[in-house]
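Peer 1: One structure, pasted below without further comment.
The values are calculated or read from the model by the stated rules, or taken from the named source; none is laboratory data. All of these numbers come straight from a predicted model, not from anything done at the bench. So basically every Cβ, Gly included, is an ideal-geometry build from the backbone, and we count neighbours across all protein chains shown.
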Amino acid sequence: MSQPDNADPNHVFQTLAQLIYAGSTFDEIYQHLVDTAPKVVAGCDHASLMLARGDRYETAAASDDVARHVDALERELGEGPCVDAIEDEAAQVDPDIRQHSTWPKLAERVLAETPVRGMAGYRLVIEGKKIGALDLFSDTPGVLETGSDEGLVLAAFASIALGSVANRERADSLRRGLESNREVGKAIGLLMAAHEIGSVEAFELLRRASNDMNMKLTEVAREVIQNAERRPRDKS
């Protein structure tokens with residue numbers, strides 16, 4: 001399968017960036033990623049995005065029912081490109097599951113129940129944490145390449161995009177917290193001024209102190225404020 005004539009990767013990535021800056025949700029980003037994959041990765045007919053939720057996996061988005069079904073088989077059998085990609089940094093690729101497969105139980109079911117003949121998985125990482133994997137499936141044997149540049153680039157872009165959304169959500173949560181808790185807001189302002197850092201970094205200082213001292217965040221904030229008020233002011 002060749003890419004569609006209108007599948008300009010730059011245009012696709014630009015659209016994804018616009019989604020992020022427009023305030024799109026994680027679900028919208030997930031769906032756009034799997035819809036994008038068949039347009040920019042040569043040989044890809046279906047795509048899915050599976051996330052690790054504690055000790056289990058779940059499909060966050062799929063381009064169609066075929067991709068969703070293969071994901072379900074991976075979870076049922078406990079093997080497959082997505083499962084392995086989450087744990088292993090290297091891309092997981094079986095170009096032709098008719099001839100040989102790293103996941104024989106999965107391959108047997110996929111061949112019997114779907115048109116898929118090739119599979120690949122690419123790990124997604126946000127701030128050093130393995131969160132899931134992008135799965136690519138081909139109906140044509142032998143066309144998904146090991147370490148496909150397009151697949152690697154898309155997975156890397158996906159990780160960056162999701163990281164951007166995660167950081168924005170944390171910032172939004174922080175702003176909501178500042179609006180609803182004056183003491184926390186005041187403490188963060190004091191820490192920002194004292195250490196010449198941003199609001200997110202100041203909030204992280206408070207959060208870490210809260211965990212280390214086993215105190216509520218508001219109690220730590222109160223301590224910061226009281227300590228600041230006790231300090232003698234510079235009269236010069």
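Peer 1: Can you run down the residue pairs with Cβ atoms below 6 Å, 6 or more apart or on separate chains, where the first is in segment 74-89 and assigned by TED's automatic domain parsing to the domain that holds Gly54 and the partner is in a loop (DSSP other than H, G, I, E, B)?
Peer 2: Glu74/Gly80; Glu79/Trp103; Gly80/Trp103
Peer 1: OK, next. Right, Asp64: surrounded by fewer than 20 Cβ atoms within 10 Å (Cβ to Cβ), assigned by TED's automatic domain parsing to the domain that holds His32 and in contact (Cβ under 8 Å) with a residue 40 or more places away in the chain or not? Reasoning before the result, please.
Peer 2: Numbers: surrounded by fewer than 20 Cβ atoms within 10 Å (Cβ to Cβ): yes; assigned by TED's automatic domain parsing to the domain that holds His32: yes; in contact (Cβ under 8 Å) with a residue 40 or more places away in the chain: no.
Spelling it out, it is not the case that Asp64 is surrounded by fewer than 20 Cβ atoms within 10 Å (Cβ to Cβ), assigned by TED's automatic domain parsing to the domain that holds His32 and in contact (Cβ under 8 Å) with a residue 40 or more places away in the chain.
Peer 1: Determine, yes or no, whether Glu74 is more than 15 Å from the chain's Cα centre (by Cα), modelled with pLDDT of 85 or more and not small (Gly, Ala, Ser).
Peer 2: yes
Peer 1: Something else now. For segment 36-71, give me the residue count where each residue is among the acidic types (Asp, Glu) and at pLDDT below 90.
Peer 2: Narrowing segment 36-71 to residues among the acidic types (Asp, Glu): 45, 55, 58, 64-65, 71.
With at pLDDT below 90 added as a condition, the list becomes 55.
Going through segment 36-71 one residue at a time, the tally reaches 1.
Peer 1: Something else about it: Which of the residues spanning segment 108-128 are farther than 17 Å from Leu33 by Cβ, surrounded by 14 or more Cβ atoms within 10 Å (Cβ to Cβ) and out of contact with any strand residue (DSSP E or B) (no Cβ under 7 Å at 6 or more places or on another chain)?
Peer 2: Glu108, Arg109, Val110, Leu111, Thr114
Peer 1: Further, regarding this structure: Exactly one condition in (1) crowded, with 22+ Cβ neighbours inside 10 Å; (2) more than 14 Å from Val34 (Cα to Cα) is false for Asp139; which is it?
Peer 2: (1)
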